[in-house]
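The values are calculated or read from the model by the stated rules, or taken from the named source; none is laboratory data. Given the structure is predicted, the values throughout are model-derived calculations rather than measurements. Backbone-built Cβ (ideal geometry, glycine too); neighbour counts: all protein chains shown.
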Amino acid sequence: METDDVPESADDWNAFVSRLVAQYRAAHTSTTLALVALASTVFAIQLAGVALTPADSVRQLTAYLYLGGDDAVYLLSLFLHRGPLHFLSNVVVLLVLAPQERHFSPGGYWSFVAVAGVGSLAAGYAVLLAYSPEPNVAFYGISGLGYALAGFALARGLRFRRTLTELDVVAAVVGVSSAVEVAANLLVNLPTAPVAVNGGHLAGLLVGLAVGAVWRPRRPAADQ
């Protein structure tokens, strides 16, 4: 009897993965993928800048752009990253959560992106401005949108847990992980080192949780 459990479990896992892949392929993700492509293009330009300038790293080059460059660099803040790990971690999260886009109308999703992106950048900058001993600070990266999508998936998942697809279950798990990370960051750093609090992650998560808490299914909801 015990030996029969192994193939049955394997079959269940294979079926889960197959449904997950099929749902991902069918989901509307074009806006999120366009944002990922734009972030990738900007990061490629950052890498080229390191190769063509005396800068020793992407982080150093980006710091120079903020401190000595034109103010127009702030328009690219959402798409700039301080290094490969920062870039890759943000892109992977966005790719995993991209199908959450299908729960919005096109206009609604752009509004969500704008609020999450601008709000997370503003919050991150405000924390650094308030607590950093440095006279000049900068906050950049697209992680705030990732945390917003994670928060949305978590809040929506809790409300509609009986009808979640496999794709939404995975997204909700990412949401739980994101919430735990943000809470830990606050508990550890807020009492003694508030400058280390990542205001961008916190703001993004709160935006996502708020939107997920009031979200209603679209009609017609053929892809829900």
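At a glance:
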item	result
Every pair of residues 6+ apart whose Cβ atoms lie under 7 Å, when the first sits in region 20-36 and is under 14 Å from Tyr109 (Cβ atoms) while the second is of a type in the set (Asp, Glu)	His28/Glu101; His28/Asp223; Thr29/Glu101; Thr31/Glu101; Thr32/Glu101
Count of residues meeting criterion [aliphatic (A, V, I, L, M) and in contact (Cβ under 8 Å) with a residue 12 or more places away in the chain] in region 66-95	8
Region 130-169 - residue that is outside any loop (DSSP other than H, G, I, E, B), closer than 30 Å to Gly69 by Cα and of a type in the set (Gly, Ala, Ser) and, of those, modelled with the lowest pLDDT	Ala130
Near pairs, Cβ below 8 angstrom, 6+ apart or cross-chain, from region 144-167 (over 15 Å from Thr32 (Cα atoms) and touching a residue at least 24 places away in the same chain (Cβ under 8 Å)) to any residue that is small (Gly, Ala, Ser) and not in a helix (DSSP H, G or I)	Leu167/Ala27
Unique match (being touching a Ser or Thr at 6+ places or on another chain (Cβ under 7 Å), more than 24 Å from Tyr109 (Cβ to Cβ) and modelled with pLDDT of 95 or more) among Val195, Val188	Val195
Residue in region 36-51 that is among the small types (Gly, Ala, Ser) and modelled with pLDDT under 95 present	no
Residues of region 31-56 satisfying the condition of being surrounded by 12 or more Cβ atoms within 10 Å (Cβ to Cβ) and of a type outside the set (Val, Ile, Thr)	Leu33, Leu35, Leu38, Ala39, Ser40, Phe43, Gln46, Leu47, Gly49, Ala55
Any hit, region 99-121, residues being farther than 27 Å from Ala27 by Cα, surrounded by 16 or more Cβ atoms within 10 Å (Cβ to Cβ) and among the hydrophobic types (A, V, I, L, M, F, W, C)	yes
Residue pairs meeting the criteria (Cβ under 7 Å; at least 6 apart or on separate chains; first under 11 Å from Leu80 (Cβ atoms), in region 42-59; second hydroxyl-bearing (Ser, Thr, Tyr) and at pLDDT below 95)	Gln46/Thr62
